[in-house]
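Quick notes on the structure that follows.
Read-outs throughout are calculated quantities, based only on the coordinates presented, and are distinct from any laboratory measurement. In this text, all values refer to a predicted model and were calculated from it rather than measured experimentally. Because the Cβ atoms are built from the backbone with ideal geometry, glycine has one as well, and the counts that use them run over all protein chains shown.
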Amino acid sequence: MTILNGKEIANKIKDEIAAEVGEIKSRGEKVPHLAAVLVGNDGASLTYVGSKVRSCNRIGFESTLKHLPEDTSEEELLDLVSELNNDPEIDGYIVQLPLPKHIDEQKVLLAVDPDKDVDGFHPANFGKMALDMESFIPATPFGIMELLRRYNVEVEGKHAVVIGRSHIVGRPISILLSQKGKFANATVTLTHSRTKDIKALTLQADIIVSALGVPGFLTGDMVRDGAVIIDVGITRVPDESKERGYYITGDVDFESVSKKASYITPVPGGVGPMTIAMLLQNTLLARKRRTQNNR
Ligand code: NAP
């Protein structure tokens, strides 16, 4: 069994990006600039945005954090989005989800300039991805594909079962795995909360991508020998014995599943760090496109 070490690969990708930033600087060109918009004080969102900004600093990107109060109105947020769309200094930006309930998430995501949408959530980018056109690919599924590629895990012709159909993980990873291409060409089954007998499907899977957010959902008896296991889940479980008051766990019962898997991602240290690395990769791409267009 091989651990798919997302932390290590993500660090490698960050080093590669940092080297490119060094070259950009030496040519006297503008370095990539990522902005992050955070509304409110959700603990997990604060952690994610914090590590995105820290990663930018580490690799030589410029970064801007726009932290707005919880009671920010939809109109105020849309004004900020418009400001970021028109700011020539900003190459790409993300609006950290979830947004407070009084704000229409879809309305905000639709307002993001697709050329700066480094999260790949705008329908223009999502549609291009589904049509095999060049686009910004959402960072988490992009990270999963990159992890499989870098470990040379064979995907072609395999049966992949995806658990969860969210717009940011399950749906896009099912599209990417089934695309034509050397590190894709899988046959995909996309499952969700209304799927009957998920176990019967996972037992047929060569690759399982679990993205539902239910700790310990996937157990050893649901997996066949040699399966590749990608655990996307991140759940904070309250635990007073920990300094932070919680620990992080995935969807996979690592103990029983790792005994059967050929490859498996740990949580933490698997898909999570890859997500950040691919966000940075998308921001570099955004900068390169803008340089090509003299912007
Ligand atoms: P989400 O929007 O809540 O979607 C969850 C999906 O799982 C839904 O499609 C839901 O089905 C399905 N589901 C829920 N319970 C199920 C069950 N018992 N059996 C089968 N399917 C079930 O979640 P998400 O945003 O995709 O996130 C999923 C997990 O990944 C969370 O733990 C999240 O924190 C984590 N995550 C990690 C990263 C990372 O970088 N590692 C990035 C994003 C998210 P329905 O559609 O029928 O409701």
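Grouping the Cα pair distances of segment 1-91 into 5 Å bins from zero gives a pair-distance distribution of 3, 12, 17, 18, 18, 13, 10, 7, 2, 1, 0 percent in increasing distance order.
Using Cβ point charges alone (K and R +1, D and E -1), the dipole size of segment 145-213 about the Cα centre works out to roughly 180 debye.
Between Arg149 and Arg289, the FRET efficiency from the beta-carbon distance, with R0 = 22 Å, is close to 0.50. Fully extending the segment from Glu76 to Gln106, taken as 0.36 nm per residue of separation minus the present Cα-Cα distance, adds 9.3 nm.
With N as its number of residues, segment 38-196 has a Cα radius of gyration that, divided by 2.2 N^0.38 Å, comes to 1.14. Assuming charge only on the beta carbon of Lys and Arg (+1) and of Asp and Glu (-1), the dipole of the chain about its Cα centre is about 880 debye to the nearest 20. Inter-part distance, segment 156-188 to segment 59-131, computed on C-alpha centroids, equals 26 Å. Size descriptors for segment 22-61 (Cα atoms only): Rg and Dmax, in that order, 13.2, 40 Å.
Spin-label model, Ala200/Lys25: points 7 Å from Cα along the beta carbon direction are separated by 5.9 nm. Per residue, the convex hull spanned by the Cα atoms of the chain measures out at 137 cubic angstrom. Averaging the sequence gap over all C-alpha pairs within less than 8 Å and six or more residues apart, then dividing by the number of residues, gives segment 159-247 a relative contact order of 27 percent. Rounded to whole Å, the principal axis extents of the Cα atoms in segment 76-130 read 30, 27, 14, largest first. Can you pick out the pairs among Lys52/Lys116; Lys52/Lys101; Lys128/Lys158; Lys66/Lys288; Lys12/Lys101 whose Cα atoms lie more than 28 Å from each other? Distance filter (> 28 Å) returns Lys12/Lys101. Taking 0.36 nm per residue of separation and subtracting the current Cα-Cα distance, fully stretching the chain between Arg224 and Glu243 would add 3.1 nm. Between amide H atoms placed 1.01 Å from N, distances below 5 Å from Leu212 occur with Gly233, all of them 5 or more places distant or on a separate chain.
How compact is segment 104-246 by the rule of thumb for globular proteins, expressed as Cα Rg over 2.2 N^0.38 Å? Can you show the working numbers first?
On the way: Rg = 16.5 Å, N = 143, 2.2 N^0.38 = 14.5 Å.
For segment 104-246, the normalised Cα radius of gyration comes out at 1.14.
Taken as Cα centroids, segment 189-243 and segment 1-36 sit 30 Å apart, rounded to the nearest whole angstrom. Full extension of the segment from Asp113 to Ser193, taken as 0.36 nm per residue of separation minus the current Cα-Cα distance, would add 25.5 nm. Relative protection proxy for 234-245, 213-224, 270-281, from highest mean packing down: 270-281, 213-224, 234-245 (other beta-carbon atoms within 10 angstrom). Averaging 1/r across all pairs of distinct Cα atoms in segment 253-295 and inverting the result yields a Kirkwood radius of 12.9 Å. Considering only alpha-carbon pairs that sit under 8 angstrom and 6 or more positions apart, the relative contact order computed for the chain is 21 percent.
Excluding Val223 itself, calculate the net charge of residues whose Cβ lies under 10 Å from the Cβ of Val223, where each Lys or Arg counts +1 and each Asp or Glu counts -1.
Numbers: positive: Lys199, Arg224, Lys259, Lys260; negative: Asp221, Asp225, Asp253.
Its environment carries a net charge of +1.
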